[in-house]
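Below is one structure; the comments refer to it alone.
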Amino acid sequence: MANFSTNEFKAGLKVMLDGEPCNILENEYVKPGKGQAFNRVKIRKLISGKVLEKTFRSGESVEGADVMDTELSYLYNDGEFWHFMNNETFEQVAADEKALGDTVKWLVENDLFTITLWNGTPIVVTPQNFVELEITETDPGLKGDTAGTGGKPATLATGAVVRVPLFIQTGEVIKVDTRSGEYVSRASK
Amino acid sequence: MKNSRCHSAQLPTWQMQITPANLQLRAQLLARIRAFFSNKNVTEVEVPVLSHSGVTDPYLDNFVTQLTLGQSTTSLYLQTSPEYAMKRMLASGSGCIYYLGKAFRHEDAGRQHNPEFTMLEWYRLGFDDRQLMAEVDALLMEVLAMPSAEYLSYHSAFVDYVGVDINTATLDELVTALAIDCHYDVQQAGRDHVLQLLFNIHIEPKIGQARPCFITDFPASQAALAKINRNDPHYAHRFEVYFKGIELANGYWELTDATEQSARFAADNEARIIAGLSPVVPDERLIAALESGLPECAGVALGVDRLFMLAQNIEAISDALTFPLPRA
């Protein structure tokens, strides 16, 4: 993999730091009039998800990371691995529990997920920003409550639990933002 | 109100980046600067932008080009500042002078950097650093419509904002105070580098927010071309001006001693070699001018593009320029 100098750093560039692939989020070049230039770089570690700021001496190089995102659909879980497939090439990859993380609660067969591959191995599985899921269990709400004050917990078909307005009932399909885990609306059906 | 940031995003590259309205305001700023000096009988001068000598400063890098005539090739250096030429003029009897024009630095572009930029540099005979700071303040009050600046010594800035006494703190203590994650061995980069990082990261964002701030009495190890304070050799007669997180100007009560100047050039070259850079032949004509006699004076360099950014609340230097490097 090629090396990248600080002056090539830009948002989206994937580099290796401390043995872990990282995504560069921001890069600010600082050059005091009479002093060594440096770069303040905001980085997301792709495996741990941690965001940190690191200072580089300008002109330093770091190794690039062979990281790519691919859209795959979820097939099944064999007890140890979760299997995903490329709908065009039918190529399959297996992600472990660590790569899946919290995404396990949004898994629906045939839904598309973004799989981040590092040297060909899945390291992160990201759901679509919005998913539509059926409610399998929630307390019956008070009749006539449309203001949605307070809300109540509802369990979805995948096992995820989200807070929904009181008027939402078991069996309804709702739209959820997976980034915040929050209810958005009733599904548009 | 901030000037629009995304102004350039949709512009074709043939088109100037500065807005037509800002182009007018920039011309007015230059006219006001010229009027300021004209009223004080300071003479505007031009200097060669292309010169036979480069700069030894380990943190400055010249653009170098070649003049080839038949068999002979001469290296020529685009000037990082008009300083050497202006000092040769002062030693030639020019009297008080200012330069308002281009300077070049072989370095990356950034939010506050363009490799080609406009510099205002001036020299006042018989002034010391205090008197020159008062004049810089007067100029800033006029062109930025600002209240008078505040003054803070380099030493006090570290006491106030970092909680260390730079005269007694060990390198370990300074690195601990830095409290940032460095990808390189910052300790090995040396004490002055750590001081500069501390300054840039922990002090610069906090000073000079409501009004410009003069940082005075730099440590002698960062004297550049300033006189060392005779009463306290920890410090040099060097100052910088900061406003809203932007380094705006750097000035000295100028070193006039040719022997000391030669020694500093030599020390610069030693630092260059340690840093893995090639040494630069010192400007012999500047040394000769100092030997002949540079009159006692103070001088300061000020970034005009940055001054304009501050005057108009422009976020990125590229929006203060007609054609920043990517579209030059």
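Laboratory data are not the source of any read-out in this text; all were calculated from the coordinates shown. Owing to the predicted nature of the structure, the values given are computational and were not obtained by experimental measurement. Backbone-built Cβ (ideal geometry, glycine too); neighbour counts: all protein chains shown.
Determine the alpha carbon to alpha carbon distance for each of B:Lys40/B:Lys87; B:Lys87/B:Lys227; B:Lys40/B:Lys206; A:Lys14/A:Lys98; B:Lys206/B:Lys227; A:Lys10/A:Lys31 and list only those over 22 Å.
Beyond 22 Å between Cα atoms: B:Lys40/B:Lys206; B:Lys206/B:Lys227.
In whole angstrom, note down how far apart the Cα centers of the stretch B:245-313 and the stretch A:1-60 are.
That distance is 31 Å.
How long is the gain from B:Ser278 to B:Asp185 if the chain were fully straight, where each residue apart is worth 0.36 nm and the alpha carbon distance is subtracted?
Length difference between fully extended and current span is 31.3 nm.
Any idea which of B:Leu248, B:Ala267, B:Gln188 is furthest toward the positive side of the dipole for the stretch B:179-293, if Lys and Arg beta-carbons carry +1 and Asp and Glu beta-carbons -1?
Result: B:Leu248.
Looking at the stretch A:7-74, which trypsin sites (Lys or Arg not before Pro) are DSSP coil and have at most 16 other C-beta atoms within 10 Å of their C-beta?
Those that pass, being in a loop and sparsely packed, are A:Lys10, A:Lys50.
May I ask you to list the lysines whose Cα is less than 20 Å away from that of A:Lys152, ignoring any residue fewer than eight positions away on the same chain?
Candidates past the 8-residue exclusion: A:Lys105, A:Lys143, A:Lys175.
Work out the FRET efficiency for B:Val64 and B:Asp192 from their Cβ-Cβ distance, taking R0 = 35 Å, and round it to the nearest 0.05.
Plugging the Cβ-Cβ distance into 1/(1 + (r/R0)^6) gives 0.85.
Work out the length of the dipole vector of the protein assembly as shown about its Cα centre, built from +1 on the beta-carbon of each Lys and Arg and -1 on the beta-carbon of each Asp and Glu, and round it to the nearest 20 debye.
That gives a dipole near 1600 debye.
Please state the shape class of chain B: rounded when a/c is under 1.5, otherwise prolate if a/b exceeds b/c and oblate if not, all from the C-alpha gyration tensor.
rounded
Quick one: compute a quarter of the convex hull surface over the Cα atoms of the protein assembly as shown and quote it in nm².
33.9
Taking a cut-off of 19 Å, what percent of all Cα-Cα pairs in the stretch B:1-100 are separated by more than that?
Looking at the stretch B:1-100, the distances longer than 19 Å represent 66 percent of pairs.
Listing A:Thr116, B:Thr259 from the residue with the fewest other Cβ atoms within 10 Å to the one with the most, what is the order?
With the sparsest Cβ surroundings first, the list reads B:Thr259, A:Thr116.
Going through the stretch B:125-191, which chymotrypsin sites (Phe, Trp or Tyr not before Pro) have at most 14 other Cβ atoms within 10 Å and a DSSP loop state?
B:Tyr184
Please give, to one decimal in nm, the separation of the simple spin-label points placed at B:Gln209 and A:Val51, each 7 Å out from Cα toward the Cβ.
A separation of 2.2 nm, rounded to one decimal place.
Among B:Ile314, B:Ile228, which comes first, second and so on when ranked by fewest other beta-carbon atoms within 10 Å?
By the 10 Å Cβ count, ascending: B:Ile228, B:Ile314.
Could you give the dipole magnitude of the stretch B:152-304 about its Cα centre, charging the beta-carbon of Lys and Arg +1 and that of Asp and Glu -1, in debye to the nearest 20?
In debye, rounded to 20, the stretch B:152-304 gives about 360.
Select from B:Cys297, B:Ser318, B:Ala236 the residue farthest towards the positive end of the dipole of the protein assembly as shown; place +1 on Cβ of Lys and Arg, -1 on Cβ of Asp and Glu, and compute about the Cα centre.
Positive-end residue among those listed: B:Cys297.
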